[in-house]
Amino acid sequence: MPSRLSDSFKAHPVHLHQNHIDLQSVREVPDSYAWPPLADHPSSIGDSYHVDSVPVIDLSDPNAAELMGHACETWGVFQITNHGVPMHLLEGVEFQGRRLFSLPAQQKLKAARSPDGISGYGVARISSFFPKHLWSEGFTIVGSPVEHVRQLWPKDHNKFCDIMEKYEKEMKELSARLMLLMLGSLGIAKEDLKWGAHLKDACAGLQLNSYPSCPDPNRAMGLAAHTDSTLLTVLYQNSTTGLQVLKDGTRWVTVPPLPGALVVNIGDLLHILSNGRYPSILHRAVVHRTRHRLSVAYLYGPPMNVQISPLSKLVDLKHPPLYRPVTWKEYLGTKAKHFDKALSSVRICAPRSGFVDMNDHNSVKVG
Ligand SMILES: C=C1C[C@]23C[C@H]1CC[C@H]2[C@@]12CCC[C@@](C)(C(=O)O1)[C@H]2[C@@H]3C(=O)O
Ligand SMILES: O=C(O)CCC(=O)C(=O)O
Ligand SMILES: [Fe+2]
């Protein structure tokens, strides 16, 4: 039986609450959705992004790799322009996403994700780690979405599936190109990577997120703070603000929507591969008082059987490997169990003077 990414959650089924209320029509935030108001929870505009903003990189710039390396070290997130993904495809994906989320609740539930499954309609998996519900709904595609989409539109599933397939193809090529640039910025050539010839044989998923407008956005949470379990994530957001990243572990900074631009996030697997030089970025999505927000995340990971471990070129006596090898599938299972402790659970005790200190209990035992 071949190994499949969709089996990652089999050992950690979660019975997620499906939204029992229609978020589009409520006038007040119910208690089960009310998060403590956060002092650093800017309600979308007016925060400091004007003085210290997420880098924007023009992919046609000859210095793109260098700029990206700097952005990865200092931010862990950047936006890209001139990426070559046609605008009409981005608009098509947004249109299909809106079409899906505007279906009646009963119809969407026909395509519900199963508790041990990866694909389908539902609330984000991470919501099981929080006491309050999220102000969002999602549709996850890993592999072919056709069985789930048939439940939504029994007579008309082709349009949605065709557009998503086209989009995934474009995203796969773009992600492979971004990986090459990022590796280049670390001094790594394609040949230095065992699976360098397979950057386009990636495993990947697509996550459509919908955030209805909210009567009290400071008390609701669209998507709680998390890092992605990917190498990198390419995110399309519509023209409504909502995505925020934690800068220097202290400040939430809004990633402003730029027409036609795409956001690139560093995920945990690139963090491991780069031996911590390109740290994964903690991010969240807040909601808006009057506007509905839609985002589409392309979750790019390595081919199925590849073990990800710190690149040997980045490891020496002064920089010992900080993480043990993991496959993407294994890491997703670890994330499902340990959530924000997943990265430290695969961390090797850092040797202090070249020797492994057996008394160092910093690492978490997994099993
Ligand atoms: C390939 C992936 C990556 C997943 C799990 C699986 C399918 C859905 C992805 C997300 C999308 C929403 C945030 C997140 C944190 C979540 O809950 O589901 C992501 C998670 C991860 O990056 O860990
Ligand atoms: O909606 C957003 O901007 C963030 C989505 C996200 O973080 C995800 O899907 O992993
Ligand atoms: Fe994310």
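The values are calculated or read from the model by the stated rules, or taken from the named source; none is laboratory data. No experiment lies behind these values; they were computed from the predicted model shown. No Cβ is skipped: glycine too gets one built from the backbone with ideal geometry, and neighbour counts run over all protein chains shown. Remember, those area values only see protein heavy atoms, side chains included, never the ligands or the DNA or RNA. Shrake-Rupley method; radii C 1.70, N 1.55, O 1.52, S 1.80 Å.
Among the residues of region 252-265, those that are in contact with a helix residue (DSSP H, G or I) (Cβ under 9 Å, 6 or more places away or on another chain) and under 12 Å from residue 284 (Cα atoms) comprise 253, 254, 255. Of everything listed in (1) open to solvent by less than 30 Å² (accessible area, probe 1.4 Å); (2) within 16 Å of ligand 1 (Cβ to nearest atom); (3) basic (Lys, Arg), the single unmet condition for residue 337 is (1). In this entry, residue 216 is excluded by the filter for residues that are in contact with a Pro (Cβ under 6 Å, 6 or more places away or on another chain) and more than 16 Å from ligand 2 (Cβ to nearest atom). A search for C-beta distances below 7 Å between a residue of region 82-94 that is without any contact (Cβ under 8 Å) to a residue 40 or more places away in the chain and any residue that is open to solvent by 30 Å² or more (accessible area, probe 1.4 Å) and not in a helix (DSSP H, G or I), counting only pairs 6+ apart in sequence or on different chains, returns 82/58; 82/60. Among the residues of region 66-79, count how many are in contact (Cβ under 8 Å) with a residue 40 or more places away in the chain and open to solvent by less than 40 Å² (accessible area, probe 1.4 Å). Total satisfying the criteria: 8. With respect to the stated conditions, residue 246 fails to be within 24 Å of residue 200 (Cα to Cα) and open to solvent by 10 Å² or more (accessible area, probe 1.4 Å).
Among the residues of region 257-275, what is the count of those that are open to solvent by 10 Å² or more (accessible area, probe 1.4 Å) and touching a His at 6+ places or on another chain (Cβ under 9 Å)?
So the first thing to find is which residues in region 257-275 are open to solvent by 10 Å² or more (accessible area, probe 1.4 Å), and the list is 257-260, 271, 275.
So of that shortlist, the ones also touching a His at 6+ places or on another chain (Cβ under 9 Å) come out as 260, 275.
Here the count works out to 2.
Here's a check for you: in region 178-223, which residue that is part of a loop (DSSP other than H, G, I, E, B) and within 16 Å of ligand 3 (Cβ to nearest atom) is farthest from residue 118 (Cα to Cα)? Break it down stepwise before answering.
The first filter runs over region 178-223 and keeps only residues part of a loop (DSSP other than H, G, I, E, B), leaving 186-189, 193-195, 202, 212-216, 220-222.
Right, trim to within 16 Å of ligand 3 (Cβ to nearest atom) and you get 221-222.
Working: 221: 22, 222: 20 Å.
This residue is 221.
Going residue by residue through region 128-139, is there one that turns out to be among the basic types (Lys, Arg), closer than 22 Å to residue 23 by Cβ and over 18 Å from the mean Cα position of the chain (by Cα)? Scanning region 128-139 turns up at least one residue that is among the basic types (Lys, Arg), closer than 22 Å to residue 23 by Cβ and over 18 Å from the mean Cα position of the chain (by Cα). The number of residues in region 222-235 that are more than 9 Å from ligand 2 (Cβ to nearest atom) and either open to solvent by less than 10 Å² (accessible area, probe 1.4 Å) or closer than 18 Å to residue 95 by Cα (or both) comes to 4.
Reported count of residues in region 80-100, each being open to solvent by 10 Å² or more (accessible area, probe 1.4 Å) and over 17 Å from residue 59 (Cα atoms), is 8.
I'm checking my understanding of the structure. Among residues of region 225-241 that are part of a loop (DSSP other than H, G, I, E, B) and within 11 Å of ligand 3 (Cβ to nearest atom), which one is nearest to the chain's Cα centre (by Cα)?
Residue satisfying both the conditions and the ranking: 228.
Within the group 93, 149, which residue is at pLDDT 95 or above, farther than 16 Å from residue 295 by Cβ and aliphatic (A, V, I, L, M)? Of 93, 149, the one residue that is at pLDDT 95 or above, farther than 16 Å from residue 295 by Cβ and aliphatic (A, V, I, L, M) is 149.
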